Amino acid sequence: MRALLRLTVANIKSFTRDRAALFWTLAFPLIFIFLFGSIFSGGNNDRTIGFADLDKSTHSAELRTAFASQPNVKLVEASEDDLVAQMRDGKLSAVLVVPAGFGATVDTKTAPATIKVYTDPAQTAAQGATFQLVGGVLGAVNQAASGRPPAVTFTNQAVQTQDLSFISYLVPSILGMSLMQLGIFSAIPLVADRQKHILKRLQATPLRRWQLVGSNVLMRLIIAVVQTVIIVGVGATFFHVEVSGNWLTIGLLVVLGSLAFIALGYVIASFASTEESANGMTSVVQFPLMFLSGTFFPIDSMPDALRTVARALPLTYLGDALRQVMVGGTAFSPLWLCVAFLVVWLVVCFGIAARFFRWQ
Amino acid sequence: MTPTSQQGPGRGTIARMSSQIQTAAGPVIRVRDLRKSYGQLHAVDGVSFEVERGEVFGLLGPNGAGKTTTVEVLEGLRKPDSGEVSVLGVDAVRSPDQLKARIGVSLQTAALYPKLTVVEVLDLFRSFYPSGRPTSELVELMDLGEKRTTRTQDLSGGQRQRLSVALALVNDPELVFLDEPTTGMDPAARRMLWDVVLGLKSSGRSVLLTTHYMEEAEILCDRLAIMDHGRILESGTVDELVSRRFHERAVRFDAIDGLGDARMAGFPGVASVKHENGAVLLFTRDVPGTIGAVLAASDGLGVEPVSLAVRRATLEDVFLDLTGRALRD
């Protein structure tokens, strides 16, 4: 037992001193979460809009205040030409121009005063949002100018729908992907140790093979727990992803998923004779798993042929199970089927590795 | 875990008093007609020898002679095709696990975890054994004090080799296998390792080492076996091996154009003529007569003999005589 624990500690030291291993297991999944999280979560959807005041009246100043007080809107002031140029460069999503004489027209009330709005019709969503913003602000200004209270208004009530937000979908998926990488990357140090004759040297000591394998697996399970805490923590802290599931169930799934992919790593190590070929083989296995297992979008939205492939991949079931248990995601397969698939996968990989793995 | 109590019943009469191992009669290694082939290659082709307790025994031969394969069978790391192998009274082929706590092994290529430091690797290997020597003692013994906290990937070849030998000693083994231990070492480190080996011997431990350095074999080995092409050509003490073959001394000088072997064979006392790396070796019973003839002959050709020297025959000469080629090309 002492030997097993000392070897586990040695493995953890070797792991944490290996920059490539650290990057792939810890940094890489966080990059995905921060990248996709910032793009899709609505955490930062501030719109920058140009505002050119050619009128300089009290009315134009009121209008600027009204726009500036809108949530998620940032106003940039400059000349009209300058702002349009900035918009062409993609720095602004729209430009508002208050023409000279705007205030006088409002005061005389002879005709509706007009402001000019530049939008890009190709950017449908941005254009719609601009119209919505301008309509809302002008409606409020018009209504205030009329001096009467609004006739109709509404209150808002939030409801959690069955559809997961993208980030809630992503966090358990990325956890599954990280466990997959952690597992299959076990092949690389294993093959390196064999190639450097370290496995042979260990065989000349009283250390038993089960202790050697046990310490490697234990090391990876410990790192899997650390990964889970980091990924769930980042999801909760930065993107408000609430993990609602039972921690014991989540823990068991993390362990089962790790074991299934560590077993796959041992299969790779059984057929790779050099560290380079182990590197190549893990890449060949890793990328289809990453992109065809519904990590970034549900497999329901895939073409039929790819969906059939996805149904044969273990990461599909691990991701599915983690989403079901952690964030109440819609199941593609019942939980028992996910667990059964992973158990069968583990047993088959273990059998193949036991048959073909060479120690020297 | 393998039982390791050295006083254990049935284990024989091995008892340890302080750091001395009290020796029992009988060899620590007995090999009978060992054979191992890889396809068409007969890596080990019928090898037999014995190593006595407290002895330093050397397997001497060029690369590819079968030394490493032989040693790895004895360490329980390879299965031979046939042959009997008894190590410390244990059948190393059938029950290698009974052996592992009692032997120390340094492989031909130092096998070290690259990201761990010297002390971490020693502590790790120490944890595999129920008893052994303190890490600090081994660090000092192998002169690795300045490298205690260096990762093994940053060690020089000679330092790695020293650490590999230190690892072979963590369990304070009765029998130590050192496969080409001084490869890559500078002369000072090599001499330090020789002291370590002689120290093991003086405390009653047995050592089997392989080498292709003649000087090393002559200094360290009580007995040795010369291997080539998977066979033992001859074995014995250095003196036995040399005197069995050469009663003569060797007169050596750089080859001289126009002075042929046939003529030199006729010089006074010359028993045989050999060539080694561009030099001529005349094995002779009459050193002054031979030298006189060499000087007279070269004078007649109008040249002076270069690097003229006299020496006793060495293992190198034995190897040359046995195989027809020098040990290191």
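Remarks
- Region A:1-143, accessible area per residue, ligands and nucleic acids excluded (1.4 Å, Å²): 57
- Interface burial in region B:109-140 reaches 40 Å² or more for B:Ala111, B:Tyr113, B:Lys115, B:Leu116, B:Glu120, B:Leu124, B:Phe125, B:Ser127, B:Phe128, B:Tyr129, comparing the full protein assembly with the chain by itself; accessible area from heavy atoms with a 1.4 Å probe.
- Note on region A:233-291: Rg/Rh from Cα positions, Kirkwood definition for Rh, rounded to two decimals, is 1.15.
- In order through region B:160-177: 3J(HN,Hα) via Karplus (6.51 cos²θ - 1.76 cosθ + 1.60), integer Hz, x for Gly, Pro: 4, 5, 5, 5, 4, 5, 4, 5, 5, 10, 4, 9, 6, x, 6, 9, 10, 9
- Sites A:Ser79 and A:Asp107, calculated FRET efficiency, Cβ-Cβ separation with R0 22 Å, nearest 0.05: 0.30
- Mean projected area of the Cα convex hull of chain A, taken over all directions, amounts to 24.6 nm².
- For the pair A:Trp247 and A:Thr274 in one chain, pulling the backbone fully straight at 0.36 nm per residue adds 5.8 nm over the alpha carbon distance.
- ³J(HN,Hα) computed for each position of region A:229-244 - Karplus, 6.51 cos²θ - 1.76 cosθ + 1.60, integer Hz, glycine/proline x: 4, 5, 5, 5, x, 5, x, 6, 6, 9, 10, 6, 7, 8, 8, 9
- In Hz, Karplus ³J(HN,Hα) per residue of region A:176-181 (6.51, -1.76, 1.60; θ = phi - 60°; x = Gly, Pro): x, 4, 5, 5, 4, 5
- Nearest-ten-degree value, helix A:275-292 long axis tilted from longest Cα axis of chain A: 40
- Helix axis angle, B:187-202 relative to chain B longest principal axis, alpha carbon, degrees: 60
- Accessible surface, region A:209-360, averaged per residue in Å² (probe 1.4 Å): 46
- Taking one quarter of the surface of the C-alpha convex hull of the protein assembly as shown gives a mean projected area of 49.5 nm².
- In terms of distances greater than 21 angstrom between alpha carbons, the cross-link table entries B:Lys67/B:Lys147; A:Lys13/A:Lys196; B:Lys36/B:Lys67; A:Lys13/B:Lys147; A:Lys200/B:Lys79; B:Lys79/B:Lys115 yield B:Lys67/B:Lys147; B:Lys79/B:Lys115.
- Put a dot 7 Å past the Cα of B:Leu301, heading toward its Cβ, do the same for A:Met302, and the two dots end up 8.2 nm apart.
- The ratio of the alpha-carbon radius of gyration of region A:59-137 to the globular-protein estimate 2.2 N^0.38 Å is 1.13.
- Spacing of the two label points (7 Å from each Cα toward its C-beta) at B:Asp91 and A:Val229, in nm: 5.1
- At 0.890 mPa s and 25 °C, Stokes D of region B:165-298 from Kirkwood alpha-carbon radius, µm² per second: 138
- Amide hydrogen neighbours beyond the local backbone of A:Asp18, cut-off 5 Å, H modeled: none
- Amide H within-cut-off set for B:Arg231, under 5 Å, with H built and near neighbours excluded: B:Asp45
- Dividing the summed -39500 (n - 2.57) terms of all DSSP H runs of n ≥ 4 by the residue count of chain B sets its mean residue ellipticity at 222 nm at -8500 deg cm²/dmol.
- Shape analysis of region B:209-283 yields a ratio of the Cα radius of gyration to the Kirkwood radius, Rg/Rh, of 1.05.
- For region A:10-91, the Cα-based Rg and Dmax, in that order, read 22.9, 74 Å.
- For the chain pair A and B, the buried solvent-accessible surface (1.4 Å probe, both sides summed) amounts to about 2700 Å².
- Close amide H pairs (under 5 Å, H built 1.01 Å from N) link B:Val28 with B:Val51, B:Glu52, B:Arg53, residues at least 5 positions away or on another chain.
- Label-point gap, in nm, between B:Ser136 and B:Arg325 - each point 7 angstrom along Cα→Cβ: 5.1
- Compared with the dominant Cα axis of chain A, that is its longest principal axis, helix A:314-327 is turned about 50°.
- Extension gain for A:Ala61-A:Val348 works out to 96.1 nm (0.36 nm per residue, less the C-alpha to C-alpha distance).
The values are calculated or read from the model by the stated rules, or taken from the named source; none is laboratory data. Predicted model only: the values in this text are computed from it and were never measured. In this analysis, Cβ positions are derived from the backbone assuming ideal geometry, glycine residues included, and neighbour counts consider all displayed protein chains. Note: accessible area is taken over every heavy atom of the protein model, side chains too, but ligands, DNA and RNA are not part of it. Shrake-Rupley method; radii C 1.70, N 1.55, O 1.52, S 1.80 Å.
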